[in-house]
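The values are calculated or read from the model by the stated rules, or taken from the named source; none is laboratory data. Keep in mind the model is a prediction, meaning the values are calculated, not measured. Reconstructed Cβ throughout: ideal geometry from the backbone, glycine too, with neighbour counts over all protein chains shown.
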Amino acid sequence: TKSPTTLPLNLVCRKRMSIRTNPKKAVPLLLKRLRTVEPQENLEDLKSVLINIKDIFSLVKKNEEELLDTLSVVDGYIRKSNIDTLMKEKKDICTRIMDSAQKLLPGDAIQSSNTEATKSSSKSLRDLNIALPSSQLQDFEKYEDLEVLHLGRWLQHSASHHIEVESEEFLKELTDHKYLKYLSLRGISRISEIPTCIFQLEGLETLDLKACHNLETLPNDIASLKKLKHLDLSECYLLGRMPKGIEKLTELRVLKGFVIDSSSKTPYKISDLENLKKLEKLSIHIGSEAVIQDGDFERLKDLSTLHYLKISWGVSTATHTDVKVILPSNLEKLHLEGFPGQNFPKWLKPGSLPFSLKELNISGGKLNNMEHGEIYDKLPWLNILRLKYLNHLNVNLKTLHMLFPSLWFVEIKHVLNYAHFEWGIEWGDSERS
């Protein structure tokens with residue numbers, strides 16, 4: 001790993017962690033800084049609100065921009081000792097924090113302190129997060145008002161945190177839970193199919209099946225889930241096909257794990273998503289047998305509400321590196337994973353990127369050259385660049401700074417000439433949010 005002294009003079013290692021550079025630790029960082037001003041002012045209500053959302057914010061990690069904006073404002077007031085303004089805006093800030101945090105998880109995931117005690121004493125169980133043998137899961141029928149059921153991984157993401165069931169039969173016990181809004185089976189092994197009855201829970205808003213590695217089939221049609229806002233099918237590597245009816249889920253905000261593969265497995269095209277007028281986050285996986293029709297990825301431009309896009313490649317050859325892509329005009333974050341090309345594609349050059357882009361993340365793949373003779377000087381909001389697991393890429397920091405003049409934070413990890421390195425532009429007392 002190179003020393004920070006090799007950086008250009010106007011680039012220095014950032015020692016002070018900020019809300020933006022490490023969103024996962026945003027709330028703990030803010031609580032720590034609040035302790036430095038607590039003796040001076042009564043900030044217990046603000047502290048209580050932050051504690052109330054701490055675990056949920058850690059769970060969802062980088063979600064969501066709206067919450068980060070508010071936390072950054074508070075952080076700025078504290079660092080600049082602008083406590084008078086913080087006190088004046090405290091009530092509004094508390095409201096904004098709770099409002100934006102409530103958008104991250106559905107229903108009653110967050111409860112205000114004055115109703116928490118009342119609901120916890122209620123006989124009707126609404127939230128349940130337990131680990132039980134499948135032979136005991138028939139007890140679910142007792143909880144008629146159940147709204148949130150998280151059976152999979154919670155905050156544990158390591159491979160050592162293993163969950164498996166005897167079979168998926170226990171899911172049929174959920175048939176009569178008409179109030180269920182949130183169901184997570186994330187990371188549970190030995191679930192090969194999802195019973196049709198789950199797709200008859202018409203009140204369901206979140207269905208999280210991420211990393212159900214044995215999942216092979218889904219019911220033919222999921223269009224009955226009319227209220228579904230969040231569908232995560234990512235890392236379901238054995239899933240043979242996408243279910244029909246996704247294009248009818250008009251309330252979807254988040255769709256992860258949308259697979260482009262052979263026409264026999266996945267008859268879907270990007271254009272089929274045009275009806276999803278509220279879609280904000282989308283991850284697409286290009287399978288090893290993918291058949292991509294001309295102009296298909298150009299239709300991404302029609303997803304005008306999309307803020308986050310991830311495209312991953314399941315092939316190591318140069319197949320599909322020349323696909324023409326037109327990115328959505330309001331895109332803020334772009335993540336490319338496993339890109340098999342050696343050079344930047346044309347659609348990733350400055351003139352093709354949306355003006356609103358704030359963050360570019362490239363991880364994995366065969367990229368070995370970022371120099372293409374063009375400078376990203378027309379993208380003033382492109383402040384964050386992450387380059388990870390690019391074993392063929394030799395990063396020259398001076399060249400990088402020249403190509404991306406508006407950057408204030410870069411993370412480089414496991415590239416040809418760096419193991420792990422982070423740096424940012426020092427803005428003195430001010431900081432871009």
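Between a first residue in segment 394-415 that is within 11 Å of L360 (Cβ to Cβ) and a second residue that is buried (at least 20 other Cβ atoms within 10 Å of the Cβ) and of a type in the set (G, A, S), which pairs have beta carbons less than 9 Å apart while being 6 or more apart in sequence or on different chains?
Listed by first residue and then by second, the contacts come to L407/G424; V410/G424.
Given (1) in a loop (DSSP other than H, G, I, E, B); (2) at pLDDT 85 or above, where does H161 come up short, assuming only one miss?
It fails just one condition, (2).
Scan L282, L331, L300 and give me the residue that is more than 24 Å from V415 (Cβ to Cβ), in contact with a Ser or Thr (Cβ under 7 Å, 6 or more places away or on another chain) and of a type outside the set (D, E, K, R).
Unique residue meeting the criteria: L331.
To keep it simple, each residue is scored yes or no on (1) among the aliphatic types (A, V, I, L, M); (2) buried (at least 18 other Cβ atoms within 10 Å of the Cβ); (3) in contact with a Lys or Arg (Cβ under 7 Å, 6 or more places away or on another chain).
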site: K277; (1), (2), (3): no, no, no
site: S288; (1), (2), (3): no, no, no
site: F297; (1), (2), (3): no, yes, yes
site: K301; (1), (2), (3): no, no, no
site: K324; (1), (2), (3): no, no, no
site: N330; (1), (2), (3): no, no, no
site: F339; (1), (2), (3): no, yes, no
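For the structure I just gave you, tell me whether G257 is within 20 Å of W313 (Cβ to Cβ) and of a type outside the set (A, V, I, L, M, F, W, C).
So G257 fits the description; yes.
Could you check Y179 against (1) farther than 20 Å from L233 by Cα; (2) modelled with pLDDT of 85 or more; (3) part of a helix (DSSP H, G or I) and say which number it fails?
For Y179, the exception is condition (3).
Would you tally the residues in segment 324-352 being part of a loop (DSSP other than H, G, I, E, B) and within 23 Å of Y389 (Cα to Cα)?
7
Which of the strands (runs of 3 or more DSSP E) contained wholly in segment 201-311 include at least 1 residues that are under 25 Å from R190 (Cα atoms) and among the acidic types (D, E)?
206-208, 230-232
Pick from segment 175-185 the residues that are buried (at least 20 other Cβ atoms within 10 Å of the Cβ) and without any contact (Cβ under 8 Å) to a residue 40 or more places away in the chain: which of them is farthest from the chain's Cα centre (by Cα)?
H177
Quick one: which residue in N383, N361, N391 is buried (at least 17 other Cβ atoms within 10 Å of the Cβ) and modelled with pLDDT of 90 or more?
N383
Need the failing condition index for S356 against (1) modelled with pLDDT of 90 or more; (2) farther than 19 Å from T399 by Cβ; (3) surrounded by 18 or more Cβ atoms within 10 Å (Cβ to Cβ), just the number.
Failing condition for S356: (3).
Does I375 satisfy the condition of being in a loop (DSSP other than H, G, I, E, B) and within 22 Å of A290 (Cβ to Cβ)?
Judged against the criteria, I375 is not a match.
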